[in-house]
1. Which ones in the stretch 44-75 are small (G, A, S), within 21 Å of E142 (Cα to Cα) and out of contact with any Ser or Thr (no Cβ under 7 Å at 6 or more places or on another chain)?
2. Which of (1) out of contact with any Gly (no Cβ under 7 Å at 6 or more places or on another chain); (2) aliphatic (A, V, I, L, M); (3) part of a helix (DSSP H, G or I) does A237 not meet, given it meets every other one?
3. Return only the number of the condition from (1) more than 25 Å from H242 (Cα to Cα); (2) surrounded by fewer than 17 Cβ atoms within 10 Å (Cβ to Cβ); (3) touching a helix residue (DSSP H, G or I) at 6+ places or on another chain (Cβ under 8 Å); (4) not polar (S, T, N, Q) that G11 does not satisfy.
4. Any chance the stretch 105-112 includes a residue that's aromatic (F, W, Y) and part of a helix (DSSP H, G or I)?
5. From W84, W49, grab the single residue that is closer than 25 Å to G184 by Cα and of a type in the set (F, W, Y).
6. So which residues in the stretch 118-143 are surrounded by 18 or more Cβ atoms within 10 Å (Cβ to Cβ) and not in a loop (DSSP other than H, G, I, E, B), if there are any at all?
7. Under 6 Å between Cβ atoms, which residue pairs at least 6 apart in sequence (or on different chains) link something in the stretch 6-30 that is within 21 Å of G188 (Cα to Cα) with a partner that is assigned to a helix (DSSP H, G or I) and acidic (D, E)?
8. Using the structure shown, decide if A66 is touching a strand residue (DSSP E or B) at 6+ places or on another chain (Cβ under 8 Å) and crowded, with 23+ Cβ neighbours inside 10 Å.
Amino acid sequence: MPEEHLIAYVGEIIGTAILILLGNGVVANVLLAKTKGHGSGLIVIAFAWAIAVFTAVFISAPLSGAHLNPAVTLGLALAGKFAWALVPGYFIAQLVGAYLGQVLVVLSYRDHYAATADTGLILATHSTDPAIARYSSNVITELIGTFVLVFAVLYITGPKFGESAGSLGALDALPVALVVLGIGLSLGGPTGYAINPARDLGPRIAHATLPLPHRGDSNWGYAWVPMVGPLLGAAVAAGLWHFVPVAL
């Protein structure tokens, strides 16, 4: 394996771990019992997830281009901005990073997990869950949210904005974070806006495997939705981008 590829995979692991640590960390702070932030609500969660994106992208951009999301990687590859040969390695690195990030969340809030008896809340600090479980609608919501994210990223990584094709670059951390903030506030209500297959699957695997005091069910029946919906959204975004009459 070329050294630059290894560095990129490590960058994706680190960046995705930080993304999940800060992103699911705020969910744990809001939902788990006896925390300082208990009950502070969706606005706090949406803003903290945006900050999580900003921090993770800023740190990992020099190493990997800061995809941190299989949907972003797929969208960039379909748009011709990223090498297909690197896609499987990025997918694996993002999943590993998401799992490790969730391990850090559980370690940070271990006493509060022990104090929380509601297994639904515990699962919500790991993975997403629909407010109304209608999978066709849930897939559409995830598709639309991820379409907005990936379509924006395709513009941000164009020569007018990004440093190089397929890379967000450190300076593009802020606009990406603002896009995620907007998606969370506007489209986060139905499904919790996974918009990232690794963000949901890695922590869901952690929920199923870590020694949690009150585990409950990992809801694997829903797990395909935050994987399929975002990947479809990325494909639609890349397809539309090819037809947009703008030189990027």
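1. Matches in the stretch 44-75: A46, A48, A50, A52, G75.
2. (1)
3. (2)
4. Scanning the stretch 105-112, I find no residue that is aromatic (F, W, Y) and part of a helix (DSSP H, G or I), so the answer is no.
5. W49
6. L121, I122, L123, A124, N138, V139, T141, E142, L143
7. From the stretch 6-30, no pairs qualify.
8. Here the answer is yes, as A66 does meet what is asked.
The values are calculated or read from the model by the stated rules, or taken from the named source; none is laboratory data. Owing to the predicted nature of the structure, the values given are computational and were not obtained by experimental measurement. So basically every Cβ, Gly included, is an ideal-geometry build from the backbone, and we count neighbours across all protein chains shown.
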